[in-house]
Amino acid sequence: MPSDQKPSVLTCQIIVAALIAGVVTFSGFALFAGLGDGAEQDGQPSLSFVMVAVAVVTVLARFVVPPVLVASQRRNALDGNEEIERENFLGLFVTKTIVENALPEGACFMCIVAYVVEGQWWLFAVVGAVVALMAIGFPTQGKFENWYRTQRELADLSR
């Protein structure tokens, strides 16, 4: 990979911020444009319940899929050169972080669409909780350093 195209934690931060901003923007648009105001609210909000169930499964997948992805690629990231290994693990960190945040972002969009269709305000509590989860996991240089150290230890244990 050319040196001017190396992945970085800043790239990761920009991507995660954009994912969160997309959810917040669509939420604001749906609320302030009154998209859910004319929705049928007399019947059972079946779509809303289905979307919340999908959101729960997606959030659970957020905690399963990235570790499996990392575990499968950990050996490939190892190299005799520490600088190259660090870059390999940084690329893996960026990939892991994107997957960790893209899964819940999709759940948020599904819940917002359910709000537009059925007008159930409580869906925004689900969206808020999922966005908070995304924000708590916001990537930082310190989080990368800790993660990298852990991955090196796990790699050493598996040798």
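Descriptive notes on the structure:
- Of all residues in segment 74-91, those satisfying the criterion of being aliphatic (A, V, I, L, M) and in contact (Cβ under 8 Å) with a residue 40 or more places away in the chain are 77, 78, 90.
- Residue in segment 20-40 that is in a helix (DSSP H, G or I), without any contact (Cβ under 8 Å) to a residue 40 or more places away in the chain and within 15 Å of the chain's Cα centre (by Cα) present: yes
- Among the residues of segment 120-159, those identified as surrounded by 19 or more Cβ atoms within 10 Å (Cβ to Cβ) and not in a helix (DSSP H, G or I) are 120, 139.
- A search for C-beta distances below 6 Å between a residue of segment 58-73 that is in contact (Cβ under 8 Å) with a residue 24 or more places away in the chain and closer than 19 Å to residue 90 by Cβ and any residue that is β-branched (Val, Ile, Thr) and in a helix (DSSP H, G or I), counting only pairs 6+ apart in sequence or on different chains, returns 66/99.
- Subset of segment 76-128 that is under 21 Å from residue 154 (Cα atoms) and of a type in the set (Asp, Glu) - its residue that is nearest to the chain's Cα centre (by Cα): 100
- Of all the residues in segment 8-42, those that are modelled with pLDDT under 75 and touching a Gly at 6+ places or on another chain (Cβ under 8 Å) number 6.
- Filtered residues of segment 79-90 (kept if among the aliphatic types (A, V, I, L, M) and at pLDDT 85 or above): 90
- In segment 91-104, of all residues being surrounded by fewer than 19 Cβ atoms within 10 Å (Cβ to Cβ) and not β-branched (Val, Ile, Thr), the one that is modelled with the highest pLDDT corresponds to 102.
- Evaluated against (1) assigned to a helix (DSSP H, G or I); (2) within 15 Å of residue 48 (Cα to Cα), residue 101 falls short on exactly one condition, (2).
- Tally, over segment 48-78, of residues that are assigned to a helix (DSSP H, G or I), at pLDDT below 90 and either in contact with a helix residue (DSSP H, G or I) (Cβ under 6 Å, 6 or more places away or on another chain) or closer than 21 Å to residue 121 by Cβ (or both): 3
The values are calculated or read from the model by the stated rules, or taken from the named source; none is laboratory data. What you see is a predicted model; the values in this text were computed from it and never measured. Quick reminder, even Gly has a Cβ in these numbers, built from the backbone with ideal geometry, and neighbours come from all protein chains shown.
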